[in-house]
């Protein structure tokens, strides 16, 4: 399996870039994102053979199609080490930790079925653990093999940061520099990150919004000499290995919700950065029988606008709302480029021009209307994408309704997903909503919706009162480079 950049790097037939070569990096040298030169296909016979596998074994089967340069015995050892009941132990009482991502039926009536897939049983109570725990073990494996070190530089709007830090804390040869928007995360999310005292974890609170943090990560990644000298890698969703790890739970969700390969399901995914649902797009391109991929946004509805109109219009920092589903408070979806590459049939030159226009003019238009940049919006339905939007009043109502009707408490992002999922349910097609996090991470809104605190897993009872360690910084690329250099001594 060989890889290329969405903008053309390594696109020629004699250029080869392997999984291991892109594992520790982020952006390609030309500023694009890595994708396989062709998506591996999964046959009906393989799907049948995978139905009764453990999560760890299923992860191995999916990953071996993408990481063909890692010895299979090593890859199997890594997935076996990662996906255990001990690591994913925060299951609710009526869920089995052994299932890793158990399904829960919320509604089944008149041929309409709504299922919640639990993805938040990991150490930081968010779906990001599903990929980040694997990434930590892959990184440690690759660094030990090469006797090397890595400085991870990333940005988070809430859950990526803690998931990355918990996966990398104490890992030999790894430091983590994590940017987050100052005072824009929930109190629980903030405490999860800033209470870590491990010397290899460095938290930086940026005066601004998530997109300011993400822009700094991209700026540093595009400084190839600094990146090389400082041994910079990334765990943001632009990291291909992280996206591939997320592909696994789409296969698990489908296989658990169906009895044969003639059945289709749809997935609804709360999305801001397009990483989570991009994994669903890849699973569908591999042949997984997915009817629809439903993008659920909050008030920051850049993605919803595109999937309704064909216009991708990035908001400025001042136009980005601070909401009660803060992990989706994103106005520039960094993984969106991977889907646009497929929408453009792999035209790297045209894609590069469109994303240059994002940088210079704030977006592009594929609606096909007069003066637009193209008419590819008409092809979006071929990829199964539809979308919807949820606002604060919607998520409060959904949290209350799900609690009342099903006795289940959901977090704010999952509530956004359920609200939008209901708009696209089809008779005979199971709708699976991907859970984003446990409700304890957003207790302020749970209390507003239900008049009580969310239940907390053991060990998280007083996390907000723990001492916190972080630095506050303006969105200044030169300052963050200086901080990284000061910590590494290079």
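The values are calculated or read from the model by the stated rules, or taken from the named source; none is laboratory data. As the structure is a computational prediction, the values presented were derived from the model and not from experiment. Glycine gets a Cβ as well: all are built from the backbone with ideal geometry, and neighbour counts include every protein chain shown.
For the structure I just gave you, tell me whether residue 56 is crowded, with 17+ Cβ neighbours inside 10 Å, under 23 Å from the mean Cα position of the chain (by Cα), under 30 Å from residue 439 (Cβ atoms) and in contact (Cβ under 8 Å) with a residue 12 or more places away in the chain. Can you show your working first?
Working: crowded, with 17+ Cβ neighbours inside 10 Å: yes; under 23 Å from the mean Cα position of the chain (by Cα): yes; under 30 Å from residue 439 (Cβ atoms): yes; in contact (Cβ under 8 Å) with a residue 12 or more places away in the chain: yes.
So residue 56 passes the test.
Inspect all residues belonging to region 394-415 and state whether any of them is under 30 Å from residue 9 (Cα atoms), touching a residue at least 24 places away in the same chain (Cβ under 8 Å), in contact with a strand residue (DSSP E or B) (Cβ under 8 Å, 6 or more places away or on another chain) and in a helix (DSSP H, G or I).
no
Select from region 69-100 the residues that are in a loop (DSSP other than H, G, I, E, B), surrounded by 15 or more Cβ atoms within 10 Å (Cβ to Cβ) and modelled with pLDDT under 95 and list them in ascending order.
84, 87, 88, 90, 91, 92, 95, 100, listed by residue number.
If I ask for residues that are modelled with pLDDT under 95 and farther than 28 Å from residue 440 by Cβ, which ones from region 101-137 would you list?
The answer is 109, 110, 111.
Condition check ((1) assigned to a strand (DSSP E or B); (2) surrounded by fewer than 20 Cβ atoms within 10 Å (Cβ to Cβ); (3) within 20 Å of the chain's Cα centre (by Cα); (4) touching a residue at least 60 places away in the same chain (Cβ under 8 Å)) across all residues:
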position: 171; (1), (2), (3), (4): no, yes, no, no
position: 176; (1), (2), (3), (4): yes, no, yes, no
position: 189; (1), (2), (3), (4): no, no, yes, yes
position: 196; (1), (2), (3), (4): no, no, no, yes
position: 206; (1), (2), (3), (4): yes, no, no, yes
position: 214; (1), (2), (3), (4): no, no, yes, yes
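Say whether the condition of being out of contact with any helix residue (DSSP H, G or I) (no Cβ under 9 Å at 6 or more places or on another chain) and in contact (Cβ under 8 Å) with a residue 40 or more places away in the chain is met by at least one residue in region 112-121.
yes
Name the residue, out of 192, 214, that is at pLDDT below 95 and within 20 Å of residue 275 (Cα to Cα).
That would be 214, the only listed residue that is at pLDDT below 95 and within 20 Å of residue 275 (Cα to Cα).
Restricting attention to region 472-482, which residues are buried (at least 16 other Cβ atoms within 10 Å of the Cβ) and more than 16 Å from residue 218 (Cα to Cα)?
Residue satisfying the conditions is 473 alone.
Can you pull out every residue in region 344-364 that is in a loop (DSSP other than H, G, I, E, B) and free of Cβ contacts under 8 Å to residues at least 24 places away in the same chain?
345, 346, 347
Kindly check whether there is at least one residue in region 234-250 that is modelled with pLDDT under 90, under 29 Å from residue 322 (Cβ atoms) and outside any loop (DSSP other than H, G, I, E, B).
No, every residue in region 234-250 fails to be modelled with pLDDT under 90, under 29 Å from residue 322 (Cβ atoms) and outside any loop (DSSP other than H, G, I, E, B).
If we scan region 101-115, do we find a residue that is part of a loop (DSSP other than H, G, I, E, B), under 18 Å from residue 231 (Cβ atoms) and more than 16 Å from the chain's Cα centre (by Cα)?
No, there is no match, as no residue in region 101-115 is part of a loop (DSSP other than H, G, I, E, B), under 18 Å from residue 231 (Cβ atoms) and more than 16 Å from the chain's Cα centre (by Cα).
Search region 11-46 for residues being over 30 Å from residue 149 (Cβ atoms) and in contact with a helix residue (DSSP H, G or I) (Cβ under 7 Å, 6 or more places away or on another chain), and hand back the single one that is surrounded by the fewest Cβ atoms within 10 Å (Cβ to Cβ).
11
Criterion first (at pLDDT 95 or above, surrounded by 17 or more Cβ atoms within 10 Å (Cβ to Cβ) and under 29 Å from residue 426 (Cβ atoms)) does residue 376 satisfy it?
For residue 376, the condition - at pLDDT 95 or above, surrounded by 17 or more Cβ atoms within 10 Å (Cβ to Cβ) and under 29 Å from residue 426 (Cβ atoms) - is met.
From the list 280, 272, 310, which one is more than 28 Å from residue 105 (Cα to Cα) and in contact with a strand residue (DSSP E or B) (Cβ under 8 Å, 6 or more places away or on another chain)?
310
What are the pairs with Cβ atoms under 9 angstrom where one residue, in region 284-304, is at positive phi and crowded, with 23+ Cβ neighbours inside 10 Å and the other, located anywhere, is part of a loop (DSSP other than H, G, I, E, B) and modelled with pLDDT under 95? Sequence gap at least six, or different chains.
The qualifying pairs do not exist here.
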